[in-house]
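We did not get these values from a lab; they are worked out from the coordinates using the rules stated. Just so it is clear, the model here is predicted, and its values are computed rather than measured. Positions of Cβ are backbone-derived with ideal geometry, glycine not excepted, and every protein chain shown enters the neighbour counts.
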Amino acid sequence: MENNMNSGAAAQSSGMANVRFGVYNQPSNIAGKTVQEAREQFSKLWGIPTDAVAYKGKDKLDENYVIQASDNVEFHRRAGEKG
Amino acid sequence: MTTETKRFVLVGAGGIGNWLASGLVRLLEWKYPGSGLIIVDGDNYEEKNRERQEFTKLGNKAVVKAHELIPQFPNTVIIPLAKWVVSDDFSGVQADEDAPKITASQLLNENDIVFAVVDNFAARKIIFDAASKINNIDVFTGGNDDELFGSIYHYQRRDGYDVTEHPVNFHPEYENPPDKNPGELSCQERSEIEGGTQLLATNMAVASFILGRVQKTIVLGQNPEESEIYFDLGLGKSEPYNRSVTHNNQYTTV
């Protein structure tokens, strides 16, 4: 399921949310920003690929999704493949 | 010590699996005597594997590893299966390929604890999909890249329901694997697969993280909520992810 909507009246345009990518985990004041903006903010620091899908739980997030306070936004990190 | 017995199914006895076998058999021998360890692998140990893998002679990985462990651990029933694991419909298997195979559904039973430490997403997906049709099962998987990054995942089902999510829900690489199951390839194609430049430390770390999860969720019976763990030995960091089906996925400050 892809999520590109906010929850109407419950939408919170500022506050803390959590951004994650692999071993990285950063609570940040990014509520109100889009997924694309969050990606731009963290991509250089963490090496997030431009095509890494963003998730909130199992839901895939659209690049224009506006991050809500308390969201856990996870940029997909490919699992270890070899062994 | 308990009278309870377990059946561990280790799929893959290579870079991660050979170390994992050493830990799993010790757990079974002393914690669950009389249990079974099934080692499944269609591949062979070759000289080039010695840099990261421990074995006493060349030959099929499952057979060699089992024959090494059997005399050391008399209270565990160790059975090698020199076969590749394939999907139930044999999809993708080369028509002229006659290497021994077993389907994931034939291999897995109720209450199994499975360790899918093969080096490709395609074979792991076959195992996860077969497990998703079993009422009570645990599947641990793990892998690494060519450097110091690795990850593990624990998929658990109880009474016909997922306790943790199927990894396909978080990983497109399981939904559409970019690689091929070696069991589907011809002998020639398999021989051309390179192990890359993997590191012993990362292989062993994946095995250790899996053993840690087994200790917590199987031996101690605790909730498997931190069911996915990413780690980077270079950064000295690891990060658990809650993949429980009941997780509300909200970030809360304490």
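Report the Cα centroid-to-centroid distance between segment B:149-169 and segment B:34-93 in angstrom, as an integer.
24
Order of B:Lys48, B:Lys31, A:Lys33 from fewest to most other C-beta atoms within 10 Å?
Ascending Cβ contact count within 10 Å gives the list B:Lys48, B:Lys31, A:Lys33.
If the elastic network links every pair of Cα atoms under 10 Å, which of B:Val117, B:Val64, B:Val219 fluctuates the most in the Gaussian network model of chain B?
Result for chain B, Cα springs under 10 Å: B:Val219 fluctuates most.
Grab the DSSP H runs of the protein assembly as shown that are 4 residues or longer, score each as -39,500 (n - 2.57), total them, divide by all residues and round the 222 nm result to the nearest 500 deg cm²/dmol.
-6500 deg cm²/dmol
Summarise the partner chain shielding of A:70-79 as one whole number: the mean count of Cβ atoms from other chains within 10 Å of each residue's Cβ.
Working: counts 6, 3, 8, 2, 3, 0, 4, 8, 9, 19.
Mean partner shielding for this stretch: 6.
If you take the alpha carbon radius of gyration of segment B:162-225 and divide it by 2.2 N^0.38 Å, what ratio comes out, to two decimals?
1.53
Considering every residue in A:18-29, what mean count of other chain Cβ atoms within 10 Å of its Cβ is obtained?
Mean shielding count: 4.
For segment B:196-253, what ratio Rg/Rh do Cα atoms give with a Kirkwood hydrodynamic radius?
1.05
List the pairs from A:Lys56/B:Lys237; B:Lys65/B:Lys180; B:Lys6/B:Lys101; A:Lys82/B:Lys31; B:Lys6/B:Lys31; B:Lys61/B:Lys216 whose alpha-carbon separation is above 21 Å, in the order I gave them.
Among A:Lys56/B:Lys237; B:Lys65/B:Lys180; B:Lys6/B:Lys101; A:Lys82/B:Lys31; B:Lys6/B:Lys31; B:Lys61/B:Lys216, the Cα-Cα distance tops 21 Å for A:Lys56/B:Lys237; B:Lys65/B:Lys180; B:Lys6/B:Lys101; A:Lys82/B:Lys31; B:Lys61/B:Lys216.
Using only Cα positions of segment B:7-241, each an equal point scatterer, no hydration layer, compute I(q)/I(0) via Debye at q = 0.10, 0.17, 0.18 Å⁻¹ and quote the log10 values to two decimals.
The Debye formula, applied to the Cα set alone, gives -0.42, -1.37, -1.57.
What is the order of B:Ile134, B:Ile193, fewest Cβ neighbours within 10 Å to most?
If I rank by nearby Cβ atoms, fewest first, I get B:Ile193, B:Ile134.
With every atom except the alpha carbons ignored, what do you get for Rg and Dmax of the protein assembly as shown, in angstroms?
20.8, 68
Find, among the GluC sites (Glu not before Pro) in segment B:27-91, those assigned to loop by DSSP (not H, G, I, E, B) with at most 14 other beta-carbon atoms within 10 angstrom.
Working: sites: B:Glu29, B:Glu46, B:Glu47, B:Glu51, B:Glu54, B:Glu68; in loops: B:Glu46, B:Glu54.
When the GluC sites (Glu not before Pro) of segment B:27-91 are filtered for loop state and at most 14 Cβ neighbours within 10 Å, B:Glu46, B:Glu54 remain.
For a test of the definition: using alpha carbon positions, the gyration tensor, and the 1.5 limit on a/c, classify segment B:25-80 as rounded, prolate or oblate.
Prolate.
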